[in-house]
Amino acid sequence: MINTMLKRTNYKWKDMQFDLSWSEQVSSHELIRPFKGDLPKQNIMSYVSQPASEVSSCALYENVYLGTGALEEPGKEPIPTVKQTIATQNQFISLQKWQGIVVEVKKDAFIAKLIDLTERGVEEEAEFSIEEVSDDDKELVMPGSVFYWNIGHQISYQGQQTRASMIRFRRLPVWRKEEIDAAKSRAQKLRDFINWK
Amino acid sequence: MIFQPAWFAAEGLIKKIEAEKATVQIIHPDVVVFSLEWLQLEITKERFVARTSQEPYDEPLRDLVIGTFSLLRHTPIRQMGINRSMHFLVDNEEKWHAAGYKLAPKEPWEGILKRSGLISLTIQEDERKDGEVVRSDGLKGFTRVKVEPSVKILPGLFIEVNNHFEARDTSPSAGCVEIMTVLKQSWEASYKRSEEIIYSLLERLLK
């Protein structure tokens, strides 16, 4: 097996993608407002990423085959002169990743239980300064809130590498009154069913 | 279309400042494309694609998808892909070519093509059970692994794992709930397995 540290750091680029699709009948669904004219399909597709294989085969054809030098001598591999896609986005390589649950909030700090997401291990507890939390996330700091804590390297697209720590609180929709009422109703039914007094 | 940075911020799914700073390519009833510092979103009438290249945001990305479709639970989702891909730098071109030969040996092509090289290879893992395609975890769907030369790094390898899930319940309102349950329950396992597949394969290809 490859050693864990090597495992987590030897990639150069990493993507995570969720791809959800549904049937076309959704066009009449509430999330689409009625609209007089449809945008031509080719216009829509011009904004949407092509499937990875199409992207890479086109790019590869242009980059590798059109840019490949002639064989210098029989039996020698062609030397590809691939044009690299220049990265213009900063990268963050996580060396360690935790999920935290806030257990106590103090004046300028909070205490959290930490679960290691990199290598499952024992739960730990740590105290964080509120200053570590971004302004928009500060309102989410309350007992029971979940956050993700990453430490690693921030690599700018020019190649500058700096150590970094990042905390981001989980954002899920607020429970609505009807959802809370429905949950209460289900709990009551269950309570009645098991005859719990 | 409902999917706009302001809507995501109003529902508390992204920060207000992120919505304000979003780079919008297009917002139209047929297509929405915008990006934040950590997120790229593409939505058409039949498809929702959310992507990040920033590792600390893998979990927030999952939460964004769960949050979005908890609110829009009547969307008749039929299928979901959880895709993980990585680009690796290979030490030298010799090793890079050797990795291609291991995946697709040259012998069958000798005498047919003058100069051949691997552009893309996809392998699928699935099982047929009771007339449906089932994953190794018993859920409906399959796992696909794709290997290609990297277009980002030279000489480099691109490896992608596509965890594909399909809803068993085909009634319009049930698909979303089923797929979101699959996402909540299978996320961690599929995330870790994807990584194991990628690194195990890489190790064999570069040995």
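Could we say that B:L64 is outside the structural domain of B:S190 (by TED's automatic domain parsing), in contact with a strand residue (DSSP E or B) (Cβ under 7 Å, 6 or more places away or on another chain) and either in a loop (DSSP other than H, G, I, E, B) or on the phi < 0 side of the Ramachandran plot (or both) here?
The answer is yes for B:L64.
B:Q79 - would you say it is open to solvent by 20 Å² or more (accessible area, probe 1.4 Å), assigned to a strand (DSSP E or B) and more than 7 Å from chain A (Cβ to nearest Cβ)?
no
From the list B:K184, B:K129, which one is touching a residue at least 60 places away in the same chain (Cβ under 8 Å), open to solvent by 70 Å² or more (accessible area, probe 1.4 Å) and more than 30 Å from B:N92 (Cβ to Cβ)?
Testing whether each residue is touching a residue at least 60 places away in the same chain (Cβ under 8 Å), open to solvent by 70 Å² or more (accessible area, probe 1.4 Å) and more than 30 Å from B:N92 (Cβ to Cβ) leaves just B:K184.
Taking the condition among the small types (G, A, S) and modelled with pLDDT under 85, does A:G152 pass?
Here the answer is no, as A:G152 does not meet what is asked.
Exactly one condition in (1) more than 11 Å from chain A (Cβ to nearest Cβ); (2) aromatic (F, W, Y); (3) touching a His at 6+ places or on another chain (Cβ under 7 Å); (4) more than 16 Å from B:G81 (Cα to Cα) is false for B:F142; which is it?
For B:F142, the exception is condition (4).
Residues are listed down the side, and each one gets a yes or a no for (1) over 17 Å from B:E11 (Cα atoms); (2) touching a strand residue (DSSP E or B) at 6+ places or on another chain (Cβ under 9 Å); (3) within 13 Å of chain B (Cβ to nearest Cβ); (4) charged (D, E, K, R):
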position	(1), (2), (3), (4)
A:F147	yes, yes, yes, no
A:N150	yes, yes, yes, no
A:Q160	yes, yes, no, no
A:L172	no, yes, yes, no
A:R176	no, no, yes, yes
A:E179	no, no, yes, yes
A:A182	yes, no, yes, no
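Only one of (1) surrounded by 11 or more Cβ atoms within 10 Å (Cβ to Cβ); (2) assigned to a loop (DSSP other than H, G, I, E, B) is not met by A:D136, so which one is it?
(2)
Take B:I26 and decide whether it is touching a strand residue (DSSP E or B) at 6+ places or on another chain (Cβ under 9 Å), facing chain A (nearest Cβ under 10 Å) and touching a residue at least 24 places away in the same chain (Cβ under 8 Å).
So B:I26 fails the test.
So B:P56 passes all but one of these: (1) at pLDDT below 95; (2) open to solvent by 10 Å² or more (accessible area, probe 1.4 Å). Which condition number does it fail?
Failed condition: (2).
Can you tell me how many residues within the stretch B:30-61 are assigned to a helix (DSSP H, G or I) and in contact (Cβ under 8 Å) with a residue 24 or more places away in the chain?
1
The values are calculated or read from the model by the stated rules, or taken from the named source; none is laboratory data. In this text, all values refer to a predicted model and were calculated from it rather than measured experimentally. Every residue, glycine as well, gets a Cβ built from its backbone with ideal geometry; the counts of neighbours run over all protein chains shown. Keep in mind that these areas ignore ligands, DNA and RNA; they rest on the heavy atoms of the full protein, side chains included. Shrake-Rupley method; radii C 1.70, N 1.55, O 1.52, S 1.80 Å.
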